[in-house]
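The values are calculated or read from the model by the stated rules, or taken from the named source; none is laboratory data. Note that this is a predicted model, so its numbers are computed, not measured. Heads up, the Cβs are rebuilt from the backbone with ideal geometry, glycines too, and the neighbour counts pull from every protein chain shown. All accessible areas refer to the heavy atoms of the entire protein, side chains included, with ligands and DNA or RNA removed. Shrake-Rupley method; radii C 1.70, N 1.55, O 1.52, S 1.80 Å.
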Amino acid sequence: MKQRLSRRQFVARSAFATGGLMTVAAFPAAGKIAVGEKLNVGVIGVAHRGGSNLQGVSGENVVALCDVDQGYLQAALEKHKGARTYRDFRELLEHPDLDAVVVSTPDHTHAVATVTAMNKGYHVYVEKPLTRTVSECRRVMETARRMKRVTQIGTQIHAENNYRRVVELIQAGVIGAVKEVHVWVNVTYGGKDLPADRPPVPANLDYELWLGPVAGHFYHPAWIPAAWRNWWAFGGGGLGDFGCHYMDLPFWALGLQTPLTVEVLDGPAVHPHSVPPQLVVRYEFPARGAQPPVALTWYHGGKHPQLVEGALYQQWKSGVLFVGSEGMVISNYGQHALLPEAKFANFTRPPQTIPQSLGHHKEWIAAIKTGGKPLCNFDYSGPLTETVLLGNAAFRVGKKLIWDSARLQATNCPEANAVLQHQYRKGWTL
């Protein structure tokens, strides 16, 4: 490690050699770090999911830790005693020798941390969903391409064997052409009113930094530390939390991108602050080569498809159902089945063509060192996140959205821009 130039030395020498012009080429590219050499990693957000992600990269050199809660930060430091600590992620990103950054903040600060990190030349792993708004998602994708960074979203189930075997079944044509997919998750968030009391901010918390780009919101334990997904200002409820996990499977298996239309079929009245406890959203995707158009329907909060009733629903409280011309595949995180069972009783599986994963974090780390590309890079996970966020947008505006992905707008609903485009408070930009 001592023989390797620090990031700042590398950038400074590159800038000097080019007369001070800073280009993407001035940053170290993937594959410039020996496979046996450890990365210098900074972690933004070190508790809850952040704690799991910190553990996932702990085999590398964890040199910088950031959290707005001093208690969480101190606990993480006990396990990584040589790391520098920061409350403000912008200060962590000035650390003198970083290679890569893990972003595990709440959704509302994903984009600002991720874009800033990539613009400084760092490879990035970020929790799902990629961002809180569609416009942020597009900016994150564009920045990753421009900076040529190695990226990965935190859909760790993608690395498990069950999803890989389902993808092989679908892509081998075992159930024929798939025109219909149902995705349901037994989770409920939201349906709340803003609290009336105003408790003091705990001494260990830097609440202004936690808010980041969000316009002034009073402090309340109703959203921090763990319940922020209930509120539009910070997250996206059940769809925002689990959409990227469960829709990941049909996106992968069917090669989906962004939808043509998005329509809410069932849901409560729109609350200005709190996310919907239940929701049913229908997405229409175009044909992809020889594959036909697909209708994907999302359900949460106890809602589920009519095709999954009674004993079947008791077995599959959350899941994905592919409806093909020759049968169906049902799956959750850890198991799957072909339906009807009698038809596939003596079924011979197709050969395994998708290799076993190194591990979701390890895929990202290996790609940085070898110049590879993780499966859940931002080119893949960006359209997935965009689709998830469009469902919430359609609900909030109360209209079916006709989506023009190239122009980043709902052509029939200009008022949707209010929820599609990010709006930051003064002092925060992308």
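Could you list, in sequence order, the residues of the stretch 329-377 that are of a type in the set (A, V, I, L, M, F, W, C) and closer than 30 Å to residue 143 by Cβ? Spell out how you get there, then give the answer.
Filtering the stretch 329-377 for residues of a type in the set (A, V, I, L, M, F, W, C) gives 329-330, 337-339, 342, 344-345, 347, 354, 358, 364-368, 375-376.
Across the stretch 329-377, the qualifying residues are 354, 358, 364, 365, 366, 367, 368, 375, 376.
Here residue 99 meets the list (1) crowded, with 20+ Cβ neighbours inside 10 Å; (2) within 30 Å of residue 346 (Cα to Cα); (3) acidic (Asp, Glu) almost entirely, failing just condition (2).
Here the stretch 300-322 is the region considered, the condition is being touching a residue at least 40 places away in the same chain (Cβ under 8 Å) and over 26 Å from the mean Cα position of the chain (by Cα), and the residue that is nearest to residue 241 (Cα to Cα) is 308. If the condition is being within 10 Å of residue 46 (Cβ to Cβ) and assigned to a strand (DSSP E or B), then the stretch 69-89 contributes 69, 85.
The helices (runs of 4 or more DSSP H) found entirely in the stretch 126-242 that carry 2 or more residues being buried (at least 23 other Cβ atoms within 10 Å of the Cβ) and under 19 Å from the mean Cα position of the chain (by Cα) are 134-147.
Counting only helices (runs of 4 or more DSSP H) that fall entirely inside the stretch 331-430 and contain at least 2 residues that are surrounded by 18 or more Cβ atoms within 10 Å (Cβ to Cβ) and of a type in the set (Val, Ile, Thr), the qualifying elements are 360-370, 378-397. Residue under question is residue 264, and the condition is that it be open to solvent by 20 Å² or more (accessible area, probe 1.4 Å) and either among the hydrophobic types (A, V, I, L, M, F, W, C) or assigned to a strand (DSSP E or B) (or both); does it hold? Answer is yes for this residue.
Being of a type outside the set (Lys, Arg) and open to solvent by 10 Å² or more (accessible area, probe 1.4 Å) is the filter here, so list the residues in the stretch 110-121 that pass it.
Filtering the stretch 110-121 down to residues of a type outside the set (Lys, Arg) leaves 110-119, 121.
The answer is 116, 119.
Criterion applied to 289, 267 was being small (Gly, Ala, Ser) and touching a residue at least 40 places away in the same chain (Cβ under 8 Å), and the one residue passing it is 267.
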